[in-house]
Amino acid sequence: GLFFGRANPRNKPRPLPSHDARSYALAKFGDFLAALEWSRPGDIGKPDIPYRIEREDIYEEQPDDPASLNFPSIAFLPARGYHDQYNLGPSDIIDESRDKYGKGTVLLLQGEYIESFMVEVWGSHIAERRSILAGIQAVMRMNERSNALQLLLPEYFDRVASFSLLDSQNIDDPDVVRGRRRGQVAIELRVPEVVLVDVVTMRPCICIEVVDKLRSEQCGHDADST
């Protein structure tokens, strides 16, 4: 049976989570990219032209049909992830989370998820691809407190996901003749893995029994004389 989450009186079994830490982190990263205002070069002597990438054109997984993408678009290409357990012992309880996300609950810190994934960029021409790659490279290193982009995950118990820029490249393949320019940016994702479990506060109590010692001794003497 389970050790963490076992409480008396027993509660109704808590359902297993429907999303993992990676899913919440990539969804928030997609929201972040959709909120940016990108810019591509205008005509000679003219200012840059601002534009946005719609959220529905930012895919958290490999698109089902890359040939039908709207340009510009972005996709996150998954890679093998690593679950860092921090230590050899059991998971840690985050004490300050007690009752924060539900009465009688606490967050259990299971470790940290680490994945180096690819952000694949699609543009209809060279300038568009170049502007998206340049924009991602810029915003990934604009945090004054860290060399990584840090995003708060309110839907995932207010944990913080960290995204670090690794490398990038332009990719020119036969699709360029059809106006499909592709580029990739390697990003390292780090996000804590937590799960909500039941908890009860131990309430120790002391039972005291008072015995009249003198009365007890007298009763003993009376029994001896009898």
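Observations on the structure shown:
- Pairs meeting the criteria (first residue in region 155-167 and open to solvent by 40 Å² or more (accessible area, probe 1.4 Å), second residue assigned to a strand (DSSP E or B) and of a type in the set (Asp, Glu), beta carbons under 6 Å, at least 6 apart or on different chains) are LEU166/GLU188.
- In region 100-118, the residues that are assigned to a strand (DSSP E or B) and either open to solvent by 30 Å² or more (accessible area, probe 1.4 Å) or out of contact with any strand residue (DSSP E or B) (no Cβ under 7 Å at 6 or more places or on another chain) (or both): LEU109, GLN110, GLU112, SER116, MET118
- Test: residue in region 34-44 that is open to solvent by less than 100 Å² (accessible area, probe 1.4 Å), of a type in the set (A, V, I, L, M) and touching a Leu at 6+ places or on another chain (Cβ under 9 Å): no
- Single residue of ILE44, ILE53 found to be in contact with a helix residue (DSSP H, G or I) (Cβ under 8 Å, 6 or more places away or on another chain) and in a loop (DSSP other than H, G, I, E, B): ILE53
- Within region 83-97, none of the residues are under 20 Å from ARG181 (Cα atoms), in contact (Cβ under 8 Å) with a residue 12 or more places away in the chain and open to solvent by 40 Å² or more (accessible area, probe 1.4 Å).
- Pair list, Cβ under 7 Å, 6 or more apart: region 183-199 residue of a type in the set (Ser, Thr, Tyr), other residue open to solvent by 30 Å² or more (accessible area, probe 1.4 Å): none
The values are calculated or read from the model by the stated rules, or taken from the named source; none is laboratory data. Note that the coordinates shown come from a computational prediction; the quantities given were computed from them, not determined experimentally. Backbone-built Cβ (ideal geometry, glycine too); neighbour counts: all protein chains shown. Side chains are part of the model used for accessible areas, which takes the heavy atoms of the whole protein and leaves out ligands, DNA and RNA. Shrake-Rupley method; radii C 1.70, N 1.55, O 1.52, S 1.80 Å.
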